[in-house]
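Here is the structure we will look at.
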Amino acid sequence: MNQRECILGWKGVKIMGDLQSKKMKIFFVGDSFTSPYLGKSEMYYDVINKNIDIELFVYGGGGYGTLQEYLVINKYVDEIKPDLIILQACSNDFINNDWNLEKRSFVHNNYTIRPYYEKGTIVYRFPRGPFFREFITYSRLAYFLIRRYDIILARLNNIGYLNTVEKYIGAEGLNFIEFKRSVDTTSELIGMIKKRCGKIPIVAFSVFEDEPYFSQFKDIFRKHNINFLENIPELAWAREDRKWRKNNEHWTKKGHAACGEYLTEYIKINFLINR
């Protein structure tokens with residue numbers, strides 16, 4: 001598929017339950033942590049589904065930013081009519097929500113044309129290098145070769161030979177103008193999600209608690225009156241083996257179990273007691 005024909009930038013993985021179900025319908029939206037990379041019955045929402053009799057709806061796209069998550073919600077919320085939306089966020093959302101940040105990142109760059117929200121308009125841009133790279137992404141071989149090149153750049157960055165934009169964000173926080181702009185954009189997008197969902201309750205959580213990103217999520221979700229579950233990243237990563245935590249950026253089924261268990265109790269207490 002020509003990527004410009006897909007409004008989301010690229011397809012995620014969709015799981016659709018029974019639209020006519022009388023059960024509580026929960027719509028989970030997020031990035032790769034919500035896309036079912038572990039397989040059946042091991043993701044955090046599968047843990048919830050095993051413990052609560054719900055109707056499950058999921059859309060997870062690897063590398064998705066907040067705009068893509070908004071577009072997913074905008075596309076499916078009227079069809080699903082969920083009783084609850086659970087929005088999974090990630091620190092790299094701030095990178096992926098701003099073209100100038102993503103094109104300067106060696107660790108959080110998806111090397112694929114994606115939509116960006118700029119001055120109230122959705123635009124599609126390629127997040128790296130010269131303009132010709134936009135066209136070679138349509139060649140699998142060319143994409144593979146240049147992806148390997150960028151992986152090498154990422155490794156050079158990790159051992160201190162290159163400076164990626166995340167280092168400047170970590171050092172300067174909101175004083176880094178482009179990061180401040182991305183925070184403002186992210187807040188606007190979360191406000192758009194809130195408005196689009198109307199009276200449907202939204203619960204959000206991040207999979208990491210690294211700074212300065214985590215504090216900005218807390219402020220943004222508080223501003224828009226969305227419940228932000230701050231404890232999840234600490235609980236999930238604590239469940240993982242120390243060696244795994246050091247060398248990997250995704251949860252195993254252990255982390256997903258911790259997240260799912262926490263969300264199960266939260267849903268029971270806040271949404272099911274009087275249902």
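The values are calculated or read from the model by the stated rules, or taken from the named source; none is laboratory data. Just so it is clear, the model here is predicted, and its values are computed rather than measured. No Cβ is skipped: glycine too gets one built from the backbone with ideal geometry, and neighbour counts run over all protein chains shown.
Of note:
- Candidate set from the stretch 216-235 (those that are more than 16 Å from the chain's Cα centre (by Cα) and in a helix (DSSP H, G or I)); member that is nearest to L189 (Cα to Cα): K223
- Taken over the stretch 230-273, residues that are polar (S, T, N, Q) and either surrounded by 14 or more Cβ atoms within 10 Å (Cβ to Cβ) or at pLDDT below 90 (or both) amount to 4.
- Some residue of the stretch 250-258 being within 22 Å of L71 (Cα to Cα), out of contact with any helix residue (DSSP H, G or I) (no Cβ under 7 Å at 6 or more places or on another chain) and not hydroxyl-bearing (S, T, Y): no
- Filter pass, I202 being within 22 Å of T34 (Cβ to Cβ), of a type outside the set (G, A, S) and in contact with a helix residue (DSSP H, G or I) (Cβ under 9 Å, 6 or more places away or on another chain): yes
- Some residue of the stretch 75-90 being within 18 Å of the chain's Cα centre (by Cα) and modelled with pLDDT under 95: no
- Of all residues making up the stretch 16-33, the number that are touching a residue at least 24 places away in the same chain (Cβ under 8 Å) and more than 15 Å from L71 (Cβ to Cβ): 12
- Those residues of the stretch 236-275 which are of a type in the set (D, E) and either part of a helix (DSSP H, G or I) or over 16 Å from the mean Cα position of the chain (by Cα) (or both), in sequence order: E240, D241, E261, E265
- Subset of the stretch 44-57 [farther than 18 Å from W251 by Cα and of a type in the set (V, I, T)]: I52, I54
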